[in-house]
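The values are calculated or read from the model by the stated rules, or taken from the named source; none is laboratory data. Being a predicted model, the structure only gives us computed values, none of them experimental. When we count neighbours, we look across all protein chains shown, and the Cβ atoms used for this are built from the backbone with ideal geometry, even at glycine.
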Ligand code: B12
Ligand code: SF4
């Protein structure tokens, strides 16, 4: 077939809507466009020059420009999967384009996604997207490894995904509609993703299944080049909090490489603030902490997840409460802030889990939090053990809300625990204290998060009557 035009579409969990509030603080309608999809658009443009992307995280989709494309790629995580299917159905009705769905959720749950697409591409798309374009261009029926499609009513999976090894690709952010106009908004983060894969195997983590346990890295030079381009792109407009997020899941898994990237950042002379996700072990590595500090990292987001050794053990996290605490203290002693990423809804969690979390955060000076209720994606070990306990399969609720019937606390009570923790960590009293006692970035971030958490809580609260009803109906919590 003749392929003249390709469009990429990122569905929004809540499609973007313009509001004044969104310019300054986190609110519901604005998020950063998916870098993975921009990376794929960058690669596809090498084959078809009329390639462009729309992200509902930052704009409405211009349908007139999308529906006459020859191939339309849609990328879905779990939280935007339902919207992705909705868009695919709309495209199917109104366009003759070949529809391809991919991304983490489609990959792990291809039997669901394939109903809405001509093809699902499994795994990372860096090599398979150009391959599919090439097959279609040459009038061959795509049938290479890592595809799923329906033939004669039957779902066919052609084999395991193609794993790209050369991932030295700098995403061309200009390919995403409206992105350059939206930079400067406080909720749009400059981001760079430098490595893929993680050698660990935490039971709730969908990433190991998607990217694999073998770590693949970009060259330090390519990462530094990307950082420079990202900063230049985002500096088109002033952002209140100038921080670049290295979004790797486990940047430190290949220690030697991590050291070389940090050294390359230092040597490049880039003057910027950075943040990154860490496992607790990084907090024991004094040399790494020194390098991080010198490179401009003044905040580390630690996947703390739980505060009980029982939960660490059950979900294969391989850490302990005392190690977490020791690690937090050592990072802080090196002059960096620690942000905490937490999971609630573990089998051992009972009423009081929210208070325990808030007390820990406040007592140990954790600068901010993300609290996520446990969720279960097909393909993860926790899905296999807990699939009978899911409330429903409304994936759009996988944004921190309670999505299952936990062992020792009802969905209703657990959601109240999240609200409790959030309102204590981001209380008015602590906001005032941040205004007077915190300085610079730390103050700006706390203020932004205060309002963001207010909108998160208001969403969680709206669901309480429904959660109460289903908790009572379940008969599980007498
Ligand atoms: C940056 C980031 C964000 C940013 C930007 C999100 C975005 N638009 O991408 C922000 C801060 C906004 C964010 C928010 C959230 N996030 Co987030 N985020 C990430 C993070 C750390 C990096 C994403 C990234 O750049 N990846 C790197 C690129 C290269 O990978 P990729 O996007 O997956 O793309 C590759 C492949 O998947 C594939 N692919 C992707 N799309 C397509 C499409 C086609 C057609 C094909 C063929 C292939 C393909 O090819 C790409 C290139 O190789 C990921 C972790 C991760 N490793 O992905 C979590 C992650 C995506 N986030 C997650 C979650 C849970 C959230 C929140 C719900 C958290 C919360 N409680 O609020 C919110 C949801 C926001 C909302 N309400 O809509 C989860 C999602 C889990 C899941 N099963 O879907 C992840 C995986 C983290 C985790 N540890 O589990 N997030
Ligand atoms: S360490 Fe992080 S990325 Fe690695 S398996 Fe565990 S949760 Fe997933």
Residue 426 at negative phi and more than 28 Å from the chain's Cα centre (by Cα): no
Hits in the range 342-375 (condition: within 16 Å of ligand 2 (Cβ to nearest atom) and crowded, with 16+ Cβ neighbours inside 10 Å): 342, 343, 344, 345, 346, 371, 372, 373, 374, 375
Hits in the range 254-280 (condition: part of a helix (DSSP H, G or I), closer than 18 Å to residue 195 by Cα and either free of Cβ contacts under 8 Å to residues at least 60 places away in the same chain or in contact with a strand residue (DSSP E or B) (Cβ under 6 Å, 6 or more places away or on another chain) (or both)): 255, 256, 257, 258, 259, 260, 262, 263, 264, 265
Yes/no for residue 54 being away from ligand 1 (no atom under 13 Å from the Cβ), buried (at least 20 other Cβ atoms within 10 Å of the Cβ), at pLDDT 95 or above and within 21 Å of the chain's Cα centre (by Cα): no
Flag for residue 82 being at pLDDT 95 or above and under 20 Å from residue 399 (Cβ atoms): yes
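Table: residues versus (1) assigned to a loop (DSSP other than H, G, I, E, B); (2) under 20 Å from the mean Cα position of the chain (by Cα).
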{"position": "332", "(1), (2)": "no, no"}
{"position": "348", "(1), (2)": "yes, no"}
{"position": "351", "(1), (2)": "yes, no"}
{"position": "361", "(1), (2)": "no, no"}
{"position": "375", "(1), (2)": "yes, yes"}
{"position": "378", "(1), (2)": "yes, yes"}
Any hit, the range 348-369, residues being under 26 Å from residue 258 (Cα atoms), within 16 Å of ligand 1 (Cβ to nearest atom) and touching a residue at least 24 places away in the same chain (Cβ under 8 Å): yes
Pick from the range 215-226, criterion within 14 Å of ligand 1 (Cβ to nearest atom) and under 14 Å from residue 169 (Cβ atoms), ranking: surrounded by the most Cβ atoms within 10 Å (Cβ to Cβ): 223
Test result for residue 59, free of Cβ contacts under 8 Å to residues at least 40 places away in the same chain and farther than 26 Å from residue 135 by Cα: no
Residues of the range 276-327 that turn out to be on the phi > 0 side of the Ramachandran plot and over 24 Å from the mean Cα position of the chain (by Cα), as a count: 0
When residues of the range 310-327 are limited to those that are under 19 Å from residue 284 (Cα atoms) and part of a helix (DSSP H, G or I), the one nearest to ligand 2 (Cβ to nearest atom): 312
One residue from 431, 441 being in contact with a helix residue (DSSP H, G or I) (Cβ under 9 Å, 6 or more places away or on another chain) and in a helix (DSSP H, G or I): 431
Condition met for residue 130 (in contact (Cβ under 8 Å) with a residue 40 or more places away in the chain and not in a strand (DSSP E or B)): yes
Residues satisfying the stated conditions in the range 72-106, i.e. over 25 Å from the mean Cα position of the chain (by Cα) and in a loop (DSSP other than H, G, I, E, B): 95, 96, 97
Selected residue [loosely packed, with under 15 Cβ neighbours inside 10 Å, over 21 Å from residue 261 (Cα atoms), more than 16 Å from ligand 1 (Cβ to nearest atom) and modelled with pLDDT of 95 or more] from 327, 322: 322
Residue identified as modelled with pLDDT of 95 or more, under 18 Å from residue 5 (Cβ atoms) and in contact with a helix residue (DSSP H, G or I) (Cβ under 9 Å, 6 or more places away or on another chain) among 155, 99, 76: 99
Number of the exception - residue 69 against (1) under 26 Å from residue 137 (Cβ atoms); (2) within 16 Å of ligand 2 (Cβ to nearest atom); (3) assigned to a loop (DSSP other than H, G, I, E, B): (2)
Close pairs (6 angstrom Cβ cut-off, 6 or more residues apart or separate chains): in contact (Cβ under 8 Å) with a residue 24 or more places away in the chain and more than 19 Å from residue 173 (Cα to Cα) in the range 184-199, more than 11 Å from ligand 2 (Cβ to nearest atom) and part of a strand (DSSP E or B) anywhere: 196/216; 197/216
Within the range 80-107, considering residues that are touching a residue at least 60 places away in the same chain (Cβ under 8 Å) and surrounded by fewer than 20 Cβ atoms within 10 Å (Cβ to Cβ), the one farthest from ligand 2 (Cβ to nearest atom): 86
Top-ranked residue in the range 320-337 [being in contact (Cβ under 8 Å) with a residue 40 or more places away in the chain and in contact with a strand residue (DSSP E or B) (Cβ under 8 Å, 6 or more places away or on another chain); ranked as farthest from residue 439 (Cα to Cα)]: 324
Verdict on residue 210 being surrounded by 16 or more Cβ atoms within 10 Å (Cβ to Cβ) and more than 30 Å from residue 313 (Cα to Cα): no
Any chance residue 269 is at negative phi and assigned by TED's automatic domain parsing to the domain that holds residue 386: no
Given (1) buried (at least 21 other Cβ atoms within 10 Å of the Cβ); (2) in a helix (DSSP H, G or I), number of the condition residue 424 does not satisfy: (1)
Subset of the range 177-214 [touching a strand residue (DSSP E or B) at 6+ places or on another chain (Cβ under 6 Å) and away from ligand 1 (no atom under 12 Å from the Cβ)]: 177
